[in-house]
There are 2 protein chains.
Amino acid sequence: MRILVIGAAGMLGQKLVGLLAREGALGEMPISDLLLVDVVPIRAVGPCPFEVRALVADAARPGVARDLLSGRPEVIFDLAAVVSGEAEADFDKGYRVNLDGTRGLFDAVRAVGDGYRPRVVFSSSIAVFGPPFADVIGDEQATTPATSYGTQKAIVELLLSDYTRRELLDGVGIRLPTICVRPGEPNQAASGFFSNIIREPLNGAPAVLPVSPQVRHWFASPRAAVHFLVHAATLDSELLGHRRCLTMPGVSATVAMQIEALRRVAGDAAVSLIRSEPDSAIARIVAGWPRAFDARRARTLGFRAEQDFDQIIRVHIEDELGGHLRRSR
Amino acid sequence: MRILVIGAAGMLGQKLVGLLAREGALGEMPISDLLLVDVVPIRAVGPCPFEVRALVADAARPGVARDLLSGRPEVIFDLAAVVSGEAEADFDKGYRVNLDGTRGLFDAVRAVGDGYRPRVVFSSSIAVFGPPFADVIGDEQATTPATSYGTQKAIVELLLSDYTRRELLDGVGIRLPTICVRPGEPNQAASGFFSNIIREPLNGAPAVLPVSPQVRHWFASPRAAVHFLVHAATLDSELLGHRRCLTMPGVSATVAMQIEALRRVAGDAAVSLIRSEPDSAIARIVAGWPRAFDARRARTLGFRAEQDFDQIIRVHIEDELGGHLRRSR
C-alpha cells in the first residue's frame with residue numbers, strides 16, 4: 001500500500017508517521033512506500049520496513065498536488081492547514097491554503113481519472129461549530145463556524161462529501177477535538193493553556209491558567225487522534241453513506257476536572273505550580289468554543305477516545321515522558 | 001438607492017424587477033437606479049420612476065463582477081445559478097458558476113474597499129438538505145446536500161456568513177422552498193409536476209402525475225418568494241447575528257392535498273385532467289427531498305409564506321391568470 005501524508009511535519013503528522021513506521025502496515029495492509037510532504041522540513045523517520053520519501057513543497061500550489069499523486073497513493077492523509085489564528089489574521093492565505101489548496105488536491109485526484117479513487121482522510125475540526133450551541137452537540141447539528149478557519153474546514157467537508165458521492169474519491173472527514181496534552185513548548189494559541197496547565201507541572205515548571213475553572217471543553221490525546229486517522233483510513237467507508245464527515249469522540253472536561261485529574265495522577269505539588277491569571281481576551285475567545293459532543297456516529301463506527309481526563313494525562317506520561325514522572329513528589 | 005440584480009432574466013428575477021418597478025422603492029427607500037444582469041437577454045422593464053440598465057454578461061467570469069459594482073449598488077440580489085440538473089450533469093460548470101462565480105462577486109465587493117459594504121441577498125435552496133432527514137427540519141439542522149447544486153449553495157452560505165462576520169459585506173441568505181405554481185410551459189425538471197398538475201388543469205390542459213399522492217414537499221408561491229427577497233434586502237441584519245442564512249417559511253403539502261385544493265378552487269373538472277403515470281425515476285429523486293420545515297427563525301424575523309395550498313393556487317390565479325379561471329366549469 002502506498003500512502004501520502006500532506007502536512008507530515010506537524011505534531012499529528014509526525015506521530016502518524018511514527019506509528020506507521022513502527023507497525024509497517026496500515027491496519028492489516030503492509031505499507032510499500034510512504035511519501036511525506038510539508039512546507040517545512042520533515043524530521044527523519046527512523047528505520048522502517050518500507051521506502052520513505054520526504055519532500056518540502058506547498059501542496060496548495062498549482063501543479064504540486066498532481067506531482068504528489070504520480071505514484072497513485074491508495075491512501076492520502078490531508079493534515080495540512082493554516083491554523084486558526086493565522087487564517088483569521090491573513091484572510092487570503094487561509095482561503096488559499098485551507099480551501100483552494102485542498103480543493104486543488106481533490107481536483108488533482110479527479111484529473112488522474114482511470115478509476116483512481118483513493119481514500120482521502122481529511123482532518124477537520126470542531127471549529128466548524130460556533131455559538132450559540134447546545135450543551136451537548138449531536139451529529140445532526142448545523143455547522144455554523146465563528147472563524148474563517150472553521151468556515152474553510154466546513155466548506156472542505158462539503159466538497160469531500162460531494163466528490164465522494166460523485167465517485168471522484170473516497171473521502172472521510174474527521175472533526176478532531178482539541179488535542180491535549182500537546183507536547184512541546186508552551187505556545188501562544190488561545191487554547192494553549194489547556195495543555196500548558198498539565199504538561200508544565202508534570203515537568204516541574206509553572207503554568208498560567210487564564211480562565212475560570214468552570215470552563216468546559218472537548219479533548220482527546222494525540223495518541224487517540226492518530227488512531228482516529230488510521231481508523232478513518234481503514235474503515236469500510238460504505239458504512240458512512242453520503243455523510244462523510246464525523247465528529248470524533250472525546251472527553252468533555254472542565255478546567256477544574258483537568259486540575260483534579262492532575263492532582264490524582266501527579267499530586268498536590270504539581271497542582272500548586274498552576275497560577276491563576278485571568279485574561280479576559282482569552283476568556284472571551286474560549287467562551288465561543290463547544291463544550292461537549294454526543295459523537296454517536298463515530299463511536300458506532302469504532303472510533304475510540306479516552307474515557308476521562310486522568311487517562312489523557314497517563315497517555316501523555318507514557319508517550320512523552322517515558323512512562324514516568326520526571327520529578328519525585 | 002442603487003440596486004443590482006444578477007440573474008434578472010429568471011422567473012424570480014423578472015418578478016422581483018416588476019415589483020420594484022411598480023413600487024419605485026425597496027421597502028421605504030426610493031430606488032434611484034437598477035442594474036440588471038443575466039447571461040440571456042432581459043425582457044424590457046415597463047415604465048418606472050428610476051433608471052434601468054440591462055446587461056447581458058456572465059457575472060461568474062473574472063472581471064465582470066468588478067464592473068457591475070462600479071456604481072456601488074447598496075443592495076445586490078444574487079439570483080444567478082446553474083440549476084440542479086445542469087450542475088449535476090456538468091460538474092465543472094456547476095462549480096464554476098455557483099461557487100466560483102459567487103465567490104468572485106464577494107471578492108469583488110471586498111476589493112472595492114473604502115468601507116463599501118452592500119447588503120447581498122443570496123438565493124439559496126432547501127437543496128442544502130439531504131436524506132435521511134427528520135419529518136420536520138429545524139433551523140439547527142446540518143446541511144448535508146445530496147447534489148452538487150446543494151453543495152454549492154451550502155458552501156456559498158458559509159462564505160456569505162464568514163464574509164459578513166469579517167465585515168466585507170452584509171449578507172443574508174434565504175433558502176427558498178420549491179416555487180409553486182411555476183408559470184410558463186411544463187418543463188422536464190424532476191420537480192416540474194408539482195406545478196404542472198395545478199397550472200395545466202387551470203388552463204384546461206391535461207397534466208401527468210408521476211408520483212404517489214402521498215408524496216409530501218415544501219412550497220411557496222412566486223409572489224411569496226419575491227417578498228422573501230425584498231424582506232431580506234430591507235431587514236435589520238443585525239438581528240441575524242453571525243448566522244446569516246435562513247430557511248424560508250412555506251406550505252408542507254402532499255400531492256393529495258394539492259389535488260384537493262385544486263378541487264376546492266377549480267372543481268372536479270380540473271382535477272379530472274390529472275392523469276397518474278408513475279415514473280420510478282422521478283419517484284426515486286423526489287423521495288430524497290425534504291417534506292417539511294419548522295422555519296421558526298425566519299417567521300420570527302417577519303418572513304411570511306402562504307397559509308395553505310389553496311392560497312398558493314389563488315395567488316397563481318391572481319398573478320398569472322388575471323384573477324379568474326380561464327375555463328368556465
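All of the numbers you see were taken from the coordinates with simple rules; none came from a lab. Everything numeric in this text was worked out from a predicted model, so none of it was measured. Here the Cβ is made from the backbone with ideal geometry for all residues, glycine too, and neighbour counts use every protein chain on show.
Every residue in segment B:27-56 that is aliphatic (A, V, I, L, M), in a strand (DSSP E or B) and within 17 Å of B:LEU79 (Cα to Cα), please. Show your work before the answer.
Taking segment B:27-56 as the starting set, the residues that turn out to be aliphatic (A, V, I, L, M) are B:29, B:31, B:34-37, B:39-40, B:42, B:44-45, B:52, B:54-56.
From what's left, in a strand (DSSP E or B): B:29, B:34-37, B:52, B:54-56.
The answer is B:LEU34, B:LEU35, B:LEU36, B:VAL37, B:ALA54, B:LEU55, B:VAL56.
Within segment A:84-95, is even one residue part of a loop (DSSP other than H, G, I, E, B) and within 17 Å of A:VAL5 (Cα to Cα)?
no
Which of the residues that make up segment B:141-156 are more than 20 Å from B:ALA190 (Cβ to Cβ) and either in contact with an Asp or Glu (Cβ under 8 Å, 6 or more places away or on another chain) or more than 7 Å from chain A (Cβ to nearest Cβ) (or both)?
Filtering segment B:141-156 down to residues more than 20 Å from B:ALA190 (Cβ to Cβ) leaves B:141-143, B:155-156.
B:GLN141, B:ALA142, B:THR143, B:VAL156, listed by residue number.
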Which numbered condition A:VAL251 misses (of (1) more than 14 Å from every other protein chain (Cβ to nearest Cβ); (2) in contact with a Gly (Cβ under 9 Å, 6 or more places away or on another chain); (3) surrounded by 20 or more Cβ atoms within 10 Å (Cβ to Cβ)): (2)
Provide a single number: the residues in segment A:85-119 that are more than 12 Å from chain B (Cβ to nearest Cβ) and hydroxyl-bearing (Ser, Thr, Tyr). 2
Can you name the residue in segment A:120-140 that is touching a helix residue (DSSP H, G or I) at 6+ places or on another chain (Cβ under 8 Å) and aromatic (Phe, Trp, Tyr) and is also nearest to the other protein chains (Cβ to nearest Cβ) among such residues? A:PHE129
Quick test of your reading of the structure: A:PHE77 fulfils all but one of (1) within 10 Å of chain B (Cβ to nearest Cβ); (2) assigned to a strand (DSSP E or B). Name the failing condition by number. (1)
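Quick one: in segment A:212-239, which of the residues that are in a loop (DSSP other than H, G, I, E, B) and out of contact with any Pro (no Cβ under 8 Å at 6 or more places or on another chain) is surrounded by the most Cβ atoms within 10 Å (Cβ to Cβ)?
Initially, segment A:212-239 is screened for residues in a loop (DSSP other than H, G, I, E, B), giving A:212-215, A:221, A:235-236.
With the extra rule that they be out of contact with any Pro (no Cβ under 8 Å at 6 or more places or on another chain), the set shrinks to A:213-215, A:221, A:235-236.
Details: A:PRO213: 15, A:GLN214: 8, A:VAL215: 21, A:SER221: 26, A:LEU235: 19, A:ASP236: 8.
If we take residues in segment A:212-239 being in a loop (DSSP other than H, G, I, E, B) and out of contact with any Pro (no Cβ under 8 Å at 6 or more places or on another chain), then A:SER221 is surrounded by the most Cβ atoms within 10 Å (Cβ to Cβ).
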Of the residues in segment A:147-186, how many are of a type in the set (Asp, Glu) and surrounded by fewer than 22 Cβ atoms within 10 Å (Cβ to Cβ)? 3
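Restricting to segment B:213-240, and then to whatever is of a type in the set (Gly, Ala, Ser) and over 10 Å from the mean Cα position of the chain (by Cα), can you tell me which residue is nearest to B:PRO118 (Cα to Cα)? Let's see the steps before the verdict.
Start the filter on segment B:213-240 by keeping residues that are of a type in the set (Gly, Ala, Ser), which leaves B:220-221, B:224-225, B:232-233, B:237.
Filter again for over 10 Å from the mean Cα position of the chain (by Cα), leaving B:232-233, B:237.
On the way: B:ALA232: 13, B:ALA233: 10, B:SER237: 12 Å.
In this case the residue turns out to be B:ALA233.
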Could you grab me the full set of residues in segment A:170-221 that are of a type in the set (Ser, Thr, Tyr) and over 14 Å from A:GLU320 (Cα atoms)? A:THR178, A:SER191, A:SER212
Selection from segment A:1-25 of residues that are basic (Lys, Arg) and more than 18 Å from the chain's Cα centre (by Cα): A:ARG2, A:ARG22
